[in-house]
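J.: Handing you a structure now.
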Amino acid sequence: MAEGYGQDGVALLGALSSKTDQIGLGKPLKLLGTPVQDRIPIYLGVGGAQTVEQAGAIADGWLPSLFGPEHADMVFAPLLRGIEKSGRQRSDVCCRADGSRGVA
């Protein structure tokens, strides 16, 4: 077997870490520029009643799928419950139901 390899031919961690230290890997990354914004908003694309309620409680926004305006009261009920339970205001949570999301 070659030096730094175990019986099964897989490199040992000690052999790898000494090589990576020589080229600077494993060091913490540093931000090179200033951020474009102070805070990145978190949107949840969820559909179940409990997860929509959680979106109202913790997220900055909600991305509903298969949203129909004729069912808005039923669809928004869990979101409003989550907002109320967390002590937030309705204006704290954005809802994007217009389908303007990118498609992968």
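J.: Please compute the length gained on full extension between Ala49 and Lys27, using 0.36 nm multiplied by the number of residues separating them and subtracting their Cα-Cα distance.
T.: Details: separation 22, 0.36 × 22 = 7.92 nm, distance 4.30 nm.
Taking 0.36 nm per residue and subtracting the Cα distance, the gain is 3.6 nm.
J.: Order 53-65, 32-44 from most to least packed using the mean count of other Cβ atoms within 10 Å.
T.: 53-65, 32-44
J.: Could you size up the charge dipole of the range 37-104 around its Cα centre, putting +1 on the beta carbon of Lys and Arg and -1 on that of Asp and Glu, and report it in debye to the nearest 20?
T.: Details: 7 positive and 8 negative charges, 26 e Å.
My answer is approximately 120 debye.
J.: Here's something else I'd like to know. If a/c stays under 1.5 just call it rounded; otherwise compare a/b with b/c (prolate if a/b is bigger, oblate if not). Do that for the range 30-104, with a ≥ b ≥ c from the square roots of the Cα gyration tensor eigenvalues.
T.: On the way: a/c = 2.62, a/b = 1.54, b/c = 1.71.
It is oblate, given that a/c is not under 1.5 and a/b is not larger than b/c.
Every number in this text was worked out from the coordinates using simple rules, so none of it is lab data. Predicted model, so just to flag it, every value in this text is computed and none were measured. All Cβ positions, even for glycine, are placed from backbone atoms using ideal geometry, and neighbour counts span all protein chains on display.
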